[in-house]
Amino acid sequence: MGWLDALLGRSKPVKPDLDALFALPSAAVTLQAATGLVPTGLGSVAFRAAEGGAFAAVESEAKALLGERVEESDDGYGYTWLLVRRPPDALSDLVTELHAVNSSLEGAGFGPSLLCSLVSFAGPDGRRLAVVYLYKRGTFYPFAPLPGQRRDNALELQARGALEGELALEKDLSRWFPVWGAPGL
C-alpha cells in the first residue's frame, strides 16, 4: 500500500487463504464443547457462474470429482451453490472436498467468482448453525438462522466466543451477512 492509498483511506484487499478451511475440524470440537452443536455432514460452496466454456469445464470437473455426493442449485441472488454430503463423522473429508472445489475455481482464474463456503452444524434441540468462510475476506463467521428469516444472535455470539483463537473470525459484524436458504443449512 502506498502513501497515497493511506492518505485516501484505501486499504489493500485481504488475500484469501483457502487452507484456513482445514482448521474447521479442530474448531468443530471446540464448538461442540461450548454449544452442543455437532457437524451435520453438509457443506456448500457459493459462486457466481461465469459464461464460457472454460468455466463450464472447471465446474463440470469439480462436480465429477465429487460424484453423487454433490448437488447443484441456484439462489435468487444469481449464485450457484454446490452442496456436498458426507457422513457427519467425516468432517475432515467434507472440508477437503470443499477446499478442492474452491481451489479448482481459484486455480482456473475464477477466484473472484467465489462468494463463500459453509459447514453446517445442528443441536439435539433443533438449533442450526453454519460456520461461513468469506472468500474475499479470508475470514469466518457464524450464522444461526431461525424460522421466518430471523437470526439467533445469542447463538452466533456464543459460537464466536468459542471459535476465537480457532479460526480467523470476521471482526466487522456488518459483514456477517445472512445466507438464507443456503443448501445444507
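Every number in this text was worked out from the coordinates using simple rules, so none of it is lab data. What you are looking at is a predicted structure, and each value in this text was computed from that prediction instead of being measured. Don't worry about glycine lacking a Cβ; one is built from the backbone with ideal geometry, like all the others, and counts go over all protein chains shown.
Could you give the distance between the Cα centres of region 36-62 and region 102-155, to the whole Å? Comparing the Cα centres of region 36-62 and region 102-155, I get a distance of 13 Å.
Around residue 176, what is the net charge, scoring Lys/Arg as +1 and Asp/Glu as -1 over all other residues with Cβ under 15 Å from its Cβ? Local net charge: +2.
Farthest toward the positive end of the dipole of region 55-174, out of 83, 64, 138, is the Cα of 138, where the dipole comes from beta carbon charges about the Cα centre.
Projecting label points 7 angstrom from Cα along Cα→Cβ for residue 77 and residue 20 puts them 1.8 nm apart. Other residues with beta-carbon under 13 Å from the beta-carbon of residue 152 carry, at +1 per Lys or Arg and -1 per Asp or Glu, a net charge of +3. The peptide list 37-46, 146-155, 16-25, put in order of mean Cβ contacts within 10 Å with the highest first, becomes 37-46, 16-25, 146-155. Between 149, 73, 39, the Cα set farthest toward the positive side of the dipole of the chain (charges on each charged residue's Cβ, about the Cα centre) is that of 149. FRET efficiency for the pair residue 65 and residue 30, taken as 1/(1 + (r/R0)^6) with r the Cβ-Cβ distance and R0 = 25 Å, rounds to 0.25.
Under the convention that each Lys and Arg Cβ holds +1 and each Asp and Glu Cβ holds -1, the size of the dipole of the chain around its Cα centre is about 500 debye.
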